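Everything below concerns the one structure shown next.
The values are calculated or read from the model by the stated rules, or taken from the named source; none is laboratory data. Everything numeric here is computed off the predicted structure, so don't read it as measured data. Cβ coordinates were reconstructed from backbone atoms using ideal geometry, including for glycine residues, and neighbour counts include every protein chain displayed.
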Amino acid sequence: MPKSAERVMRILDLCATARDGLKNVQIAGALHIPPGSLSILLSRMVKNGYLTLDPIGKRYTIGPQVLALTSRYLAGLDIVELCHPVLKQIVALTGEAASTGIRRAYEVFFVAKVDSTQPLSRVVTIGSRVPLHASASGKIFLAHMTDEELEQFFRSEELKRFTPQTITERNKLNSEFDEIAKLGIGYNREELNSGIFALAAPIFDLNGELAATLSVAVPSIRWNVEKEDKVVASLRDASRQLSRKLGYTGNKDYWQEPDPNQTFTQNGSL
C-alpha cells in the first residue's frame with residue numbers, strides 16, 4: 001500500500017475519534033508524519049471533502065464526503081444477508097432454531113431463519129407474523145417504543161390470549177420492558193405456543209434506532225438454566241456484532257467483551 005494512502009487512513013481514523021477536532025501539530029505528533037507532508041495531505045483531504053477545517057480554531061474534523069460514503073454503504077446493506085451467517089452460528093452454538101424479525105405495524109415479520117437440526121424444534125416460516133405482546137421479538141420492539149407510541153399501542157390493540165401463559169396485563173408487560181432495558185433480552189415463556197420458550201435481542205442501526213431482532217426458540221423439553229445461559233450469551237454477542245455492522249457506535253451495559261472461546265468474527269464464523 002502506498003505510504004500516502006496509509007497515512008490518509010490513519011488520519012481519518014484519528015480524526016474520527018476527536019469530537020472537537022485536531023490541529024495540524026496534534027495530528028503530526030500522534031501519527032509521526034513530517035509537518036510538510038502532513039500539510040499537503042490535509043489540504044487535499046479538505047479539498048475533496050474528507051476533512052473539514054475550522055478557519056478560526058484551525059482544527060480538522062471528519063468531512064461530509066466520509067459521511068456520504070458511510071450512508072451509501074449502509075443503505076446497501078441487506079439485513080437478511082448480514083444476519084444469515086450469524087443465525088447459522090447461533091444454531092451451531094445453541095442447537096436451537098434462530099430467526100430475524102422486523103416490525104410491521106403491530107406485528108413482527110420474520111425475514112430470515114435457520115432451522116435446528118434437532119428432531120423436535122420450532123419451525124419459523126419466512127414471512128410469518130406474530131403479535132408484539134406475546135412474542136420475545138415483539139417485546140423487544142415494544143420496549144424500545146416512546147411513551148406516546150406505547151400509549152397508542154395499548155389503546156388500539158387487543159392483548160389477545162393465546163395460551164394460559166400469555167401476558168395481557170399492561171403493568172406486567174411494562175415490568176418486562178424494564179427488564180429488557182437492563183438485560184437486553186426479551187422472553188416469551190410459552191405465551192404464544194404452549195411448549196415453546198423464546199428469547200430475543202435487539203439489533204441497532206447507525207442512528208441508534210432498533211432495526212431488527214434476533215430470536216431463538218427452545219422447546220420446553222430442552223429448556224433449563226444451562227440452555228438459557230447459552231442462548232442469552234449467544235444472542236448478546238450476535239446483537240453487538242450485527243449492530244456494529246450496521247454502524248451503531250454506542251454501547252450497552254449488557255454487552256460484554258467477546259469471549260475468545262465463543263464469539264463471532266466479522267464474517268460470522270467461529
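Here is a list: ILE27, ILE11. Which entry is within 10 Å of ILE62 (Cα to Cα), part of a helix (DSSP H, G or I), of a type in the set (Val, Ile, Thr) and assigned by TED's automatic domain parsing to the domain that holds ARG59?
One residue alone meets the criteria, ILE11.
Quick check on the range 30-85: of everything there that is within 24 Å of ALA211 (Cβ to Cβ) and in a loop (DSSP other than H, G, I, E, B), which residue is modelled with the lowest pLDDT?
Applying the filter and picking the extreme gives GLY76.
If I filter the range 151-177 down to residues being in contact (Cβ under 8 Å) with a residue 12 or more places away in the chain and in a helix (DSSP H, G or I), which single residue comes out as farthest from ILE102 (Cα to Cα)?
Among those residues, the one meeting the criterion is ARG170.
Yes or no: GLY29 more than 26 Å from ARG244 (Cβ to Cβ), small (Gly, Ala, Ser) and loosely packed, with under 11 Cβ neighbours inside 10 Å?
no
Which residues, counting only those in the range 199-229, are touching a residue at least 12 places away in the same chain (Cβ under 8 Å), under 23 Å from PRO119 (Cβ atoms) and outside any strand (DSSP E or B)?
If the condition is that a residue be touching a residue at least 12 places away in the same chain (Cβ under 8 Å), under 23 Å from PRO119 (Cβ atoms) and outside any strand (DSSP E or B), then SER220, ILE221, ARG222, TRP223, LYS227, GLU228 are the ones that fit.
Among the residues of the range 178-198, which ones are assigned to a loop (DSSP other than H, G, I, E, B) and in contact (Cβ under 8 Å) with a residue 60 or more places away in the chain?
Passing the criteria: GLY184, ILE185, LEU192, ASN193.
Restricting to the range 86-136, what's the tally of residues that are among the hydrophobic types (A, V, I, L, M, F, W, C) and not in a strand (DSSP E or B)?
Qualifying residue count, the range 86-136: 14.
Which is within 23 Å of THR163 (Cα to Cα), in contact with a helix residue (DSSP H, G or I) (Cβ under 6 Å, 6 or more places away or on another chain), at pLDDT 90 or above and surrounded by 23 or more Cβ atoms within 10 Å (Cβ to Cβ), of VAL216, VAL231?
Answer to the selection: VAL216.
Can you pull out every residue in the range 134-150 that is in contact (Cβ under 8 Å) with a residue 12 or more places away in the chain and either under 21 Å from the mean Cα position of the chain (by Cα) or within 16 Å of PHE204 (Cβ to Cβ) (or both)?
Those that are in contact (Cβ under 8 Å) with a residue 12 or more places away in the chain and either under 21 Å from the mean Cα position of the chain (by Cα) or within 16 Å of PHE204 (Cβ to Cβ) (or both): SER135, ALA136, SER137, GLY138, LYS139, ILE140, PHE141, LEU142, ALA143, HIS144.
Please verify whether LYS23 is of a type in the set (Lys, Arg), surrounded by fewer than 13 Cβ atoms within 10 Å (Cβ to Cβ) and more than 19 Å from THR249 (Cβ to Cβ), treating the condition exactly as stated.
Taking the combined requirement at face value, the residue does not satisfy it.
If the Cβ limit is 9 Å and pairs must be 6+ apart or interchain, which residue in the range 49-67 that is touching a residue at least 24 places away in the same chain (Cβ under 8 Å) pairs with which residue that is of a type in the set (Phe, Trp, Tyr) and part of a loop (DSSP other than H, G, I, E, B)?
Pairs found: ILE62/TYR50; VAL66/TYR50.
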